[in-house]
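Each remark here refers to the structure printed beneath this line.
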Amino acid sequence: MAQKSNFEEIFSFLHGKFSNETEYLQAVHEVLEDIVPVYNANEQYKALDIVRRISMPERVIYFTVSWMNSEGRIEINQGWRVQHNSAMGPYKGGLRFHPTVNLSVLKFLAFEQCFKNALTGLPMGGGKGGSDFNPKGRTDRDIMLFCQAFMRELQRHIGANTDVPAGDINVGAREIGYLYGEYRRLNNKFEGVLTGKGLEFGGSYVRTEATGFGLIYFLEAVCKHRGSKIEGQTIVVSGAGNVALHAALKAVEKGGKVISLSNSRGLLLNEDGLTDTALKWAIDNHANRNNILADMADEDMGKWLPDKKPWHLKCDIALPCATQNELLEEDANTLLDSGCQMVLEGANMPCTNEAQARFLDVKIVYVPGKASNAGGVALSGLEMSQNAMFNQRDASTLDEQLYSIMESIHQRCLDEGKANDGDTKYVNYLKGANIAAFRRLADAMVAQGV
Ligand code: NDP
């Protein structure tokens, strides 16, 4: 029997242990393809079994959230915190409240988060957490009661120097406020234990905008490297939440023509391009509306197309900003057929491995979320440092810092993303991001011993 390669050996070990965790295995598989050759070439990494250790969470915390809703009925939800790797700093990563949340999804997000955080150059480890609680359609009071019950369990596992959660899908400023209030009451401590807080209680300017704005700063760096501009390019965006709306707004500010937004129920199309006024209206109102896109159509800001995704639209640039695995292989083919030249991920793992492979095969620009959406966690890192110093920097200073962090992540991807086939122009951003992040993480782990 042929001897197994290190890649096969490590992946089959993980597969054997976690065979039903498909999202987690998908994320690990994608990264292993790039990092195992670097591991094979480094005796210290091999001696300390770095790849297997980097792939597995240091700790997984599970708890039941039993809570009484505003009608006096008991509800029961599941809660998790995956503390993946702390070699570079406190565990750091968002909380997601969504009925699709399960351990596999959170393990994939926590694993990716470690690589993303390493790319920012800031001292942050990686983690992720959340619950299967669905806040859609719930009253404000129920959301507060759930957040308080969730924090009663989570609080014993987190701390400003231990683990610092933030928001993610369905966890925005309101939820962070309720979570923070409960932590403060229980611990009698005002400390930077969560990021994404309100400006009045330790929050940072630019945190809300950072993921979407950072995505466009990364796009600008890509365009500069290729000698082009965002101005005049047609852009499709999926999603209609925090990331999508701020990305769309910044893209329009840079002169791009953004023709779509989407959600789990359909698509908003505006072939003339959404205006900054329309996008600012959506940003101000989306948290309180059931379907902001249908409401935008009612306000003549575009056409509402139920059950449609944006990938059939002709565009130069696609920015998937909704959720994992939203862009499939057939969507990739449709985008390529219509001439799309760049795909930058605003969401985490929105492209399936098959879709990614199509983009890499034909060598269009493809940037994985761990590089292009790292602006959010980078600003969270800056919020942590402001909290530690009990100060608050101004918005323009933070925006400049965000810009420069995104440019440096771009440079890290260039440094490690050269093609092996002699093509000196092509940049494999996926490989660049994976390897640059891996080296930082692996070196930190080697330096700290087993
Ligand atoms: P929000 O909750 O603000 O918005 C999520 C959007 O995605 C909503 O419009 C939602 O539509 C849509 N969506 C959810 N599921 C689906 C689906 N199955 N098909 C189509 N659309 C869907 O989340 P964020 O904008 O904060 O997060 C979006 C992505 O970006 C996630 O992958 C997140 O992990 C990632 N991310 C977020 C960061 C942040 O700072 N917020 C940082 C880095 C990454 P609907 O309302 O119909 O459910």
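Points to keep in mind about this one:
- Surface share of carbon and sulfur [accessible, 1.4 angstrom probe, percent] for the stretch 359-406: 57 percent
- Size descriptors for the stretch 210-367 (Cα atoms only): Rg and Dmax, in that order, 14.2, 42 Å.
- Probing with 1.4 Å while keeping every protein chain in the model, the per residue accessible area of the stretch 223-355 equals 42 Å².
- Separation of the stretch 270-293 and the stretch 98-122, taken as the distance between their Cα centroids, equals 28 angstrom.
- With the charge dipole of the chain set up from +1 on Lys and Arg Cβ and -1 on Asp and Glu Cβ about the Cα centre, the Cα lying farthest toward the positive end among the listed residues N428, L379, I54 is that of I54.
- Ordering 117-124, 373-380 by mean Cβ neighbour count within 10 Å, with the highest value first, yields 373-380, 117-124.
- With only the Cα atoms considered, the stretch 56-190 has a convex hull volume of 99 Å³ per residue.
- Selection of chymotrypsin sites (Phe, Trp or Tyr not before Pro), the stretch 362-441, meeting DSSP coil and at most 12 other Cβ within 10 Å: F390
- Taking only the C-alpha atoms of the stretch 344-438, the Rg (one decimal) and the largest Cα-Cα distance, Dmax (whole number), read 15.7, 51 Å.
- Measuring only protein heavy atoms, the 1.4 Å probe finds R412 accessible over about 70 Å².
- Sum of side-chain charges, Y426 neighbourhood, beta-carbon under 13 Å (Lys, Arg +1; Asp, Glu -1): +2
- Antiparallel DSSP beta bridges within the chain, as percent of all bridges there, nearest 5: 55 percent
- Over the stretch 7-63, accessible surface divided per residue gives 47 Å², non-protein components excluded, 1.4 Å probe.
- Helices assigned as whole DSSP H runs in the chain whose Cα atoms extend at least 15 Å along their own long axis and whose mean Kyte-Doolittle hydropathy is 0.5 or higher are found at 103-120, 242-253, 429-447.
- Summing Cβ point charges (Lys, Arg +1; Asp, Glu -1) relative to the Cα centre of the chain gives a dipole of roughly 980 debye.
- Counting protein heavy atoms only, the stretch 69-114 has 51 percent of its accessible area on carbon and sulfur, 1.4 angstrom probe.
- Scoring 156-162, 83-89 by mean Cβ neighbours within 10 Å over their residues and listing the highest first yields 83-89, 156-162.
- For the chain: Kirkwood Rh in Å [reciprocal of mean 1/r, alpha carbons]: 22.2 Å
- Each Cα pair under 8 Å and six or more residues apart adds its separation to the average, and for the stretch 210-367 the resulting relative contact order is 22 percent.
The values are calculated or read from the model by the stated rules, or taken from the named source; none is laboratory data. This structure is a prediction, so every number in the text was calculated from the model and none was measured. For neighbour counting, all protein chains shown are included, and Cβ atoms are generated from backbone atoms with ideal geometry for every residue, glycine included. Surface areas here come from the heavy atoms of the whole protein model, side chains and all, with no ligands, DNA or RNA. Shrake-Rupley method; radii C 1.70, N 1.55, O 1.52, S 1.80 Å.
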